[in-house]
Amino acid sequence: MAGQDTLSSNGKLAKELEVEKLLKTLNKPAVKSIKSPDGDIFDCVHILNQPAFDDPKLKKHKIQMRPTFYPKGSNFSKSNPIAQLWHQSGNCPKGTIPIRRTTKDDILRADSIQQFVKKINQTIPDLSGSLYSTNGHEYAISDLRGDRYYGAQASINIWKPHVQQSNEFSLSQIWIVNRDDSNNVETIEAGWQIFPELYGDDNPRLFVYWTNDSYNRTGCYNLRCSGFVQVDNSIAVGASLQPFSVYGASQYVLSILIRKDPGSGNWWMLLGNSTFVGYWPASLFDRMSEGASNVQWGGEIINNRDHGQHTTTGMGSGNFPQEGFGKASFYRDISTVDRNNYLVSPNYLSTFATNSKCYDISPYAKSNDWGVYFFYGGPGRNQNCP
């Protein structure tokens, strides 16, 4: 028994040392620190000290402060300023970027230290349907393919749906996807999510993600590994979004444009009509220089089927799309960027729901005010979705 206790003690010590090492890697020296009302601490880190530059391949990367070209065409129909909860407590000075401080509890909530920064058992939404029932991920999405795409945009309705278990999530995002001849997948992703295991609460938060090898070894959420390069000092990826929409009352959106800069090849993220948050460097990807093979917009949840029942985790607002504006969640201002750097509205979108009795999506439509749009979402478990 003494030998077993020693082994257990050594194992705990090794894990604690590994956690401390990761914390030192992720939490950079701060010029200033800000405590958000939700308990998060945001460190204002010098822009050249951010995690992106821990990657040897990016050590000599020359940071790009603004894209060289802006897409031609219409912008978002109505774009409210992006409000994050930490803004109530202060701001980061110029020359720094806000980074949500990682805590020991953040790491220990994950199934393993290795899984701390990764998506859980991730698959790519595929209209063949072969992946929709894999690993507990369920989707209600619209999909565009058949050309090369150099960016995409949408205004995504922000809500706070119920998430049943801490290791389940509910998210709404844009996927920019390139699938090559060997079926390897590269993605750029951004939107809002509720993920208690990752953040320790049930607040809707801005997030970014990427992978260049089908989620196997590369990629991470937010700034938890080398990858996304942030340049803006007013927006924090991983921070709580406030306010969010209320059933039958005020509605709020997150307006995101992701596009490939024709000059540098970097993939930029713009929030609203004026906030250049940062970019995914061209060097992260092998085939994205040729554009993306498809773009997707919609919702995703994890269904762990606790006690053999479907999860009650909601998608979107947690209500079915048939309920309409103010009750169901929506995407509007849907466009892509073509090879000539023009924003164009799609003429057709495919739609797919894993199980429309649990989460559904409406056919796309078009209006002068909203451009291309659709409603989506659902409550999860109900009398028709046991």
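The values are calculated or read from the model by the stated rules, or taken from the named source; none is laboratory data. Just so we're clear, the structure is a prediction, and the values are computed from it rather than from any experiment. Here the Cβ positions follow ideal geometry from the backbone for every residue, glycine too, while neighbour counts run over all protein chains shown. With ligands, DNA and RNA removed, areas are computed over all heavy atoms of the protein, side chains included. Shrake-Rupley method; radii C 1.70, N 1.55, O 1.52, S 1.80 Å.
Some points to look at:
- Inter-residue pairs, beta-carbon under 7 Å, first surrounded by fewer than 18 Cβ atoms within 10 Å (Cβ to Cβ) and in the range 207-222, second modelled with pLDDT of 90 or more and part of a loop (DSSP other than H, G, I, E, B), 6+ apart: Thr218/Asn212
- Filter result for Thr351 (touching a Pro at 6+ places or on another chain (Cβ under 9 Å), at pLDDT 95 or above and of a type in the set (Ser, Thr, Tyr)): yes
- Residues (of a type in the set (A, V, I, L, M, F, W, C), surrounded by fewer than 22 Cβ atoms within 10 Å (Cβ to Cβ) and either touching a His at 6+ places or on another chain (Cβ under 7 Å) or assigned to a strand (DSSP E or B) (or both)) located in the range 354-371: Ala365
- Residues (more than 14 Å from Pro161 (Cβ to Cβ), modelled with pLDDT of 95 or more and open to solvent by 30 Å² or more (accessible area, probe 1.4 Å)) located in the range 305-337: Gln309, Gln322, Phe325
- Candidate set: the range 226-283, residues that are open to solvent by 10 Å² or more (accessible area, probe 1.4 Å), over 18 Å from Gly316 (Cα atoms) and hydroxyl-bearing (Ser, Thr, Tyr); chosen: the one modelled with the highest pLDDT: Ser234
- Selection within the range 226-253 - farther than 25 Å from Val45 by Cα and in contact (Cβ under 8 Å) with a residue 40 or more places away in the chain: Pro243, Phe244, Ser245, Tyr247, Gly248, Ala249, Gln251, Tyr252, Val253
- Residue in the range 153-166 that is surrounded by 22 or more Cβ atoms within 10 Å (Cβ to Cβ), closer than 24 Å to Phe116 by Cβ, touching a Phe, Trp or Tyr at 6+ places or on another chain (Cβ under 8 Å) and in contact (Cβ under 8 Å) with a residue 24 or more places away in the chain present: yes
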